[in-house]
Amino acid sequence: MRARRIIFSGIITALAGAMIGLAATKIGQRNFDQLAFEGQYYEGLQRNYTLIGAGIGFVVGVGQECVRDLKTQRNEE
């Protein structure tokens, strides 16, 4: 397996996932300077959306590249 390509794919999709998570924090707000929910739990959750998006993006990117690499190895055999 090509580890460098797999890690690179994971990092790129993690960046895309972080951007989606960051956009998700802004979607429900009427005013961008004020959070939509005032509770402490929701404030913490909105801060973690970026990390959650990056984590999911990394897992998806690594999984997709592993499947692509395994498919290439299977076709070579």
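Some values worked out for this structure:
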{"item": "Residue in region 26-39 that is part of a helix (DSSP H, G or I), modelled with pLDDT of 70 or more and open to solvent by less than 100 Å² (accessible area, probe 1.4 Å) present", "result": "yes"}
{"item": "Any chance THR13 is surrounded by 13 or more Cβ atoms within 10 Å (Cβ to Cβ), at pLDDT below 90 and either in a helix (DSSP H, G or I) or of a type in the set (D, E, K, R) (or both)", "result": "no"}
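The values are calculated or read from the model by the stated rules, or taken from the named source; none is laboratory data. Here the structure is a predicted model, which is why all the values come from computation and not from measurement. Heads up, the Cβs are rebuilt from the backbone with ideal geometry, glycines too, and the neighbour counts pull from every protein chain shown. Areas reflect the complete protein model, heavy atoms only, side chains present, ligands, DNA and RNA absent. Shrake-Rupley method; radii C 1.70, N 1.55, O 1.52, S 1.80 Å.
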